[in-house]
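Peer 1: The structure that follows is given in the form of structure tokens.
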Amino acid sequence: MQLLAAVTLFLSLSFSAKAGTTSSTRTTSSTRTTSSTRASSTSSTRTTPSPPPTPPVVRNYVFNVANVDLAPDGFTRRTVVANSQFPGPLLTANKGDILNILVHNNLTETSMRKSTSIHWHGLFQHRNAHNDGPAFVTQCPISPGHSYTYSMPLANQTGTYWYHSHLSSQYLDGLRGPIVINPQDPNLSLYDVDDASTVIVLADWFHTASPELLAAYMDPTNTASNDALPQSGTINGVGRTSTDTQPARPVFTVTSGLRYRFRIINASAIARFNFQISDHTLTVIEADGENHVPLTVDRLLLHPGQRYSVVVEANQAVDNYWIRAPMTARTPTPAPTNWATDSDNVNAVLHYVGAAAAEPTTTPPALSGTLLDEALLVPSTNPVAPGTAVAGGADKVFNLTFAAATDATSHHWTVNGIQYLSPTVPTLLRILSGSTDASDFATNENTFIISKGDVVEINIAGVPNHPWHLHGHSFSVVKGQTGSVNYVNPPRRDVTPSAAGGITIRFTADNPGPWILHCHIDLHLDAGLAVVFAEAPEAVIAGADSVDPDNSWDSLCPIYNALPAADQ
């Protein structure tokens with residue numbers, strides 16, 4: 001596939017995924033019977049806000065997941081990608097729609113994982129935990145040569161999301177992309193343009209396959225816990241290194257006098273990104289799918305998995321301006337050759353209509369001005385944190401302390417002294433088979449039981465800048481990296497970083513299912529930095545909130561378990 005050298009090319013490829021699905025009826029081993037009918041439709045090709053249709057529209061996409069040679073930063077390597085592109089196709093829908101993504105696994109490369117699973121980051125998946133995607137939590141992987149359809153009612157969710165492989169560290173090899181669910185937006189009057197041309201995917205890029213990186217990271221000689229650093233940072237699939245061919249930078253075109261909603265996604269596996277547009281302010285209106293009171297700043301710091309929507313007004317002289325997104329990561333001493341240069345060389349161009357078709361004549365400037373302080377974000381609706389306004393004012397309180405550890409066999413991470421190890425039978429399947437008590441799960445599954453309706457408080461202690469992501473929920477950041485404890489109107493999102501003094505998050509257990517809480521530095525997750533909350537397991541089995549997978553989900557485990565290890 002030709003390198004995505006400009007935003008327009010990225011967009012033209014982003015709408016290629018379309019498919020139809022059929023209804024199905026099944027009886028599970030526990031004699032549960034379901035049937036569902038899915039309407040046919042074409043995929044949406046617009047992301048301008050619109051009211052949700054009634055009845056819901058089914059948006060059908062096809063992902064052909066395969067090993068393709070790509071060169072996002074000028075260096076050609078074998079990848080794992082959807083539809084031959086990095087990032088993957090943009091998925092768009094309206095509030096209340098149903099997303100159906102038919103995934104064909106065509107992986108064959110022996111140096112990388114051949115099976116796959118995909119997580120739809122930020123989608124709550126009410127009564128749909130079987131389609132959340134994390135391997136061995138909610139499903140067995142999709143085996144090579146097989147297919148599976150993720151069917152996801154979007155309900156009332158809107159905003160900016162993304163998807164990525166959730167099997168081992170596979171998404172380092174390229175399987176990640178954006179999702180936009182169009183809102184009935186309380187901030188609609190603040191912007192004029194919100195479409196595919198304003199989606200910005202930031203991602204780190206590696207020249208080495210993920211199994212090799214993971215093996216090196218978990219080697220017991222890695223006592224310093226040195227992360228594998230990316231060779232480049234990319235903007236919509238385009239990056240640069242000091243040693244490879246220099247692709248043309250992405251270009252975002254604006255018209256003077258208009259206001260643009262840019263949706264910025266950090267789809268990286270390790271790196272944090274600093275984001276700034278020269279001579280333009282950023283008005284933050286969304287964090288991780290949650291609307292917030294508009295807050296104007298000059299620049300952002302995005303941890304892996306985080307998303308922001310910002311309004312940018314094209315109010316400067318007609319010209320070209322730098323879009324800056326230098327990377328930051330835990331850097332060993334000494335730093336790798338070219339890291340200082342290549343981590344800073346992550347740039348795109350904001351091009352005004354009427355300006356020369358060229359890069360800015362200035363050198364990309366250093367970051368400056370007001371950095372967004374997460375603690376200052378205020379949710380637009382229902383801002384009060386659940387529970388009572390005191391420490392421990394919740395039904396369930398979990399104190400989690402995480403740390404790196406090394407033994408004779410591996411370097412890894414633990415939570416409360418326990419390394420999370422994926423079970424061979426997915427947690428959801430265990431629950432559907434009757435496991436409802438903490439004693440039903442092995443110690444290394446690090447699984448906690450919470451009840452429906454519980455207000456849950458989680459206190460996380462450990463070294464800073466580990467981005468913690470909770471599946472199935474957004475949470476109130478009662479105590480974050482900055483600011484004081486806030487029960488009145490704390491930020492609400494689904495990824496927040498750890499801090500030297502600890503962080504506190506709260507959520508209400510209103511979505512039965514097994515939901516993993518993990519560090520979104522992908523090698524750390526694979527090395528054990530995770531716990532699972534089995535939320536209302538009895539309600540998962542039966543009742544109004546029950547989860548009822550179909551026959552295709554039932555077949556995932558038998559097919560996967562029959563594979564030789566080389567094909568898993």
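Peer 1: Let me spell out the model: positive unit charges on the Cβ of Lys and Arg, negative unit charges on the Cβ of Asp and Glu, origin at the Cα centre of region 247-399. What dipole size does that give, in debye rounded to 20?
Peer 2: The calculation lands at about 220 debye.
Peer 1: A further question follows. Heavy atoms of the protein only, probe of 1.4 Å, neighbouring chains included. What is the accessible area of residue 270 in Å², nearest 10?
Peer 2: 10 Å²
Peer 1: Taking the Cα atoms of region 226-333, report the difference between the largest and smallest coordinate on each principal axis, in whole Å and largest first.
Peer 2: 44, 33, 21 Å, listed from the longest principal axis down.
Peer 1: To the nearest 20 debye, what is the magnitude of the charge dipole of the chain about its Cα centre, counting +1 on the Cβ of each Lys and Arg and -1 on the Cβ of each Asp and Glu? Please report the intermediate quantities before stating the final value.
Peer 2: Numbers: 30 positive and 45 negative charges, 141 e Å.
The calculation lands at about 680 debye.
Peer 1: For residue 551 and residue 362 in the same chain, what is the full-extension length gain: residue separation times 0.36 nm, less their Cα-Cα distance, in nm? All intermediate terms of the calculation are to be shown ahead of the outcome.
Peer 2: Working: separation 189, 0.36 × 189 = 68.04 nm, distance 5.88 nm.
Taking 0.36 nm per residue and subtracting the Cα distance, the gain is 62.2 nm.
Peer 1: Label point 7 Å out from residue 246 along Cα-to-Cβ: which residues of region 56-92 have amide N under 20 Å?
Peer 2: Of the residues in region 56-92, 71-76 have backbone N under 20 Å from the label point off residue 246.
Peer 1: Taking 7 Å along the Cα-to-C-beta vector as the label spot, tell me the residue 216-residue 407 distance in nanometres, rounded to one decimal.
Peer 2: The modelled label-to-label distance comes out at 2.6 nm.
Peer 1: Same structure again: Report the dimensions of region 77-150 along its three principal axes from the alpha-carbon atoms, largest first, rounded to Å.
Peer 2: Principal-axis extents of region 77-150 (Cα, largest first): 39, 26, 19 Å.
Peer 1: If you split all Cα-Cα distances of region 105-242 into 10 Å bins from zero, what percentages do you get per bin, shortest first?
Peer 2: That works out to 10, 31, 34, 20, 6, 0, in percent per bin.
Peer 1: For the chain, what does -39500 (n - 2.57) per DSSP helix run (n ≥ 4), summed and divided by total residues, give at 222 nm, in deg cm²/dmol to the nearest 500? Before the final figure, lay out the partial values.
Peer 2: Numbers: 8 runs with 47 residues, N = 568.
Per the formula, -2000 deg cm²/dmol.
Peer 1: On alpha-carbon atoms, Rg over Rh for the chain using Kirkwood Rh? Spell out each step's value before the answer.
Peer 2: Values: Rg = 22.3 Å, Rh = 23.8 Å.
Checking Rg against Rh, the ratio lands at 0.94.
Peer 1: Run down the aspartates and glutamates and flag those whose C-alpha is under 17 Å from the C-alpha of residue 396, throwing out any fewer than 8 positions away in its chain.
Peer 2: Qualifying aspartates and glutamates at Cα under 17 Å: 437, 454, 457, 510, 535.
Peer 1: Quantify how much of the Cα-Cα distance distribution of region 283-327 extends past 11 Å, in percent.
Peer 2: Numbers: 723 of 990 pairs.
Result for the distance tail: 73 percent.
Peer 1: Identify, among 91, 105, 156, the residue whose Cα sits farthest towards the positive end of the charge dipole of region 45-180, taking +1 on the Cβ of Lys and Arg and -1 on the Cβ of Asp and Glu, with the dipole about the Cα centre.
Peer 2: In region 45-180, that residue is 156.
Peer 1: Just how large is the dipole of region 485-568 about the Cα centre, in debye to the nearest 20, putting +1 at every Lys and Arg Cβ and -1 at every Asp and Glu Cβ? The partial results should precede the final answer.
Peer 2: On the way: 3 positive and 11 negative charges, 110 e Å.
Taking the Cα centre of region 485-568 as origin, the dipole is about 540 debye.
Peer 1: Here's another thing I want to ask about it. Antiparallel as a % of all DSSP beta bridges within the chain, to the nearest 5? Intermediate values should be presented prior to the final figure.
Peer 2: Details: 94 of 127 bridges.
Expressed as a percentage, antiparallel bridges in the chain total about 75.
Peer 1: Taking N as the number of residues in region 431-508, what value does Rg over Cα atoms divided by 2.2 N^0.38 Å take?
Peer 2: Working: Rg = 14.4 Å, N = 78, 2.2 N^0.38 = 11.5 Å.
Normalised by 2.2 N^0.38 Å, the Cα Rg of region 431-508 equals 1.25.
Peer 1: Hey, another quick one. Give the carbon-plus-sulfur fraction of the accessible surface of region 359-412 in %, rounded to a whole number; probe 1.4 Å, heavy atoms of protein chains only. Intermediate results must be reported in sequence, preceding the final value.
Peer 2: Working: 1760 of 3030 Å².
Carbon plus sulfur share of accessible area: 58 percent.
Peer 1: Region 434-568: D in µm²/s via Stokes-Einstein (Kirkwood Rh, Cα pairs, 25 °C, 0.890 mPa s)? Could the numbers behind the result be given before it?
Peer 2: Values: Rh = 16.7 Å.
Answer from the Stokes-Einstein relation: 147 µm²/s.
The values are calculated or read from the model by the stated rules, or taken from the named source; none is laboratory data. All values derive from a computational prediction rather than experimental measurement. Cβ coordinates were reconstructed from backbone atoms using ideal geometry, including for glycine residues, and neighbour counts include every protein chain displayed. In case anyone asks, the SASA skips ligands and DNA or RNA and just uses the protein heavy atoms, side chains included. Shrake-Rupley method; radii C 1.70, N 1.55, O 1.52, S 1.80 Å.
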